[in-house]
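What follows is one structure encoded as structure tokens, with my remarks underneath.
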Amino acid sequence: MSDISFEFNVPVFAGAPETGSKEPTHRDTPSYEVLDWSTTRDTIETAATLGFDAAWAPDHLMLGRDRAEFECWTLLSAMAGFTDEIDIGSLVLCNDYRNPALVAKMAATLDVISGGRLQLGLGAGWHEHEYNAYDWEYRDGFDRLMRLDESIRLIKRMWGAGDTGASFGGEYYQIEDAPCAPPPVQDPHPPILVGGQGEQVTLKLVAKHADIWNTDVFNGDVPTLVRKIDVIESHCETVGRDPDTIEYSWDGHVICTRDETTLDRLLELMTPIQFEESYQDRAPIETEADAREYFIMGTPEECVEAIERRIDVGVTKFQCWFLDIPDTSGMELFADEVMCEFT
């Protein structure tokens, strides 16, 4: 099982409940009370020291408590400077927030200065309030996905062109003789991760373009993973691609503890979860049994079992939101007694 990768989701926002509330501001970081750079940096450095394979930053601007959040690409650039071996990646970069030709150049530069440690995660975008606040046009979902399709093709073309220059004439994006020198150092290019769930369009884009597919925190239960992976493999057959060339990643919540009080406290903080409109086919997460369908949680032995169930259906990358962060005891126990079972 040496090909299994354990990765760290960076707390770029605080998600603890606001004063007077019991509901987390954001469930990815429900124990993080006030965003603080030294605290966030410490967790990244701890993850690197513990042997996590990658550190991923989400690309949003106002999701956290007090609407405070670190910008993704600036953070990744800083991470490249104060880490040495851990990969760095965007989970996922919103296609509409930056011009894709510029993203190609930015990514090539970051791959060079990090020594080939970049993984580029891309998505079509979804957070309409953010679009409105920052004056980006919020288009319908199909339009956003078609723009993502063109962006990935344009980025790959620029990466392959180097100083020769690339041209691209799409419906949404056009470049002419745009160089990308120096090119990325990874061969043939940094891995491209595509995040999203839509079975008709998004997962077909995965089959066409992605090196890695990323689920989200509420699509990581085993039955859903089986269904989504089956859809991707069917699309691979349609587009003539070997599905074994795509990695599958699980992005989700982790509680690793031998202390029942800690487990109960974090579960009480996280539940109940009533799914939003886009997840109306899902029953609410209300009980510990419900949470175990979606989370990796419990003792190290129970975490190992939850991971093995996902490996059995094809997952090889585990991108973990540790729910006790900024307390690092959970991720330390996970590294000491869970990760070692898969080396």
> Got a number for residues in the range 169-188 being in contact (Cβ under 8 Å) with a residue 40 or more places away in the chain and closer than 26 Å to Ala207 by Cβ?
Replying inline: 6
> How many residues does the range 299-318 hold that are in a strand (DSSP E or B), touching a helix residue (DSSP H, G or I) at 6+ places or on another chain (Cβ under 7 Å) and under 23 Å from Thr46 (Cβ atoms)?
Replying inline: 1
>> For the range 98-142, which positions are on the phi > 0 side of the Ramachandran plot, touching a residue at least 60 places away in the same chain (Cβ under 8 Å) and open to solvent by less than 50 Å² (accessible area, probe 1.4 Å)?
In response: Gly116
> For Asp251, are the conditions met, namely being of a type outside the set (A, V, I, L, M), in contact (Cβ under 8 Å) with a residue 12 or more places away in the chain and outside any helix (DSSP H, G or I)?
Replying inline: yes
>> Is it the case, given these coordinates, that Trp321 is touching a residue at least 60 places away in the same chain (Cβ under 8 Å), within 27 Å of Thr40 (Cβ to Cβ), among the hydrophobic types (A, V, I, L, M, F, W, C) and open to solvent by 10 Å² or more (accessible area, probe 1.4 Å)?
In response: yes
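Let's see how each residue does on (1) more than 21 Å from the chain's Cα centre (by Cα); (2) more than 21 Å from Cys94 (Cβ to Cβ); (3) part of a loop (DSSP other than H, G, I, E, B):
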| position | (1), (2), (3) |
| --- | --- |
| Leu120 | no, no, no |
| Gly125 | no, no, yes |
| Phe142 | yes, no, no |
| Ser151 | no, no, no |
| Gly162 | yes, yes, no |
| Val185 | yes, yes, yes |
| His189 | no, no, yes |
| Val194 | no, no, no |
> Within the range 104-115, is even one residue under 28 Å from Leu269 (Cβ atoms), assigned to a helix (DSSP H, G or I) and of a type in the set (Lys, Arg)?
Replying inline: no
>> Of everything in the range 210-220, what is surrounded by fewer than 20 Cβ atoms within 10 Å (Cβ to Cβ) and either touching a Leu at 6+ places or on another chain (Cβ under 7 Å) or not β-branched (Val, Ile, Thr) (or both)? Give them in sequence order.
In response: Asp211, Asp216, Asn219
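The values are calculated or read from the model by the stated rules, or taken from the named source; none is laboratory data. On a predicted model such as this, the values are computed, not experimentally measured, just so you know. Cβ sites come from the backbone with ideal geometry, for glycine too, and all protein chains shown count toward neighbours. Each accessible area value is taken on the protein alone, full model and side chains, heavy atoms only, with ligands, DNA and RNA left out. Shrake-Rupley method; radii C 1.70, N 1.55, O 1.52, S 1.80 Å.
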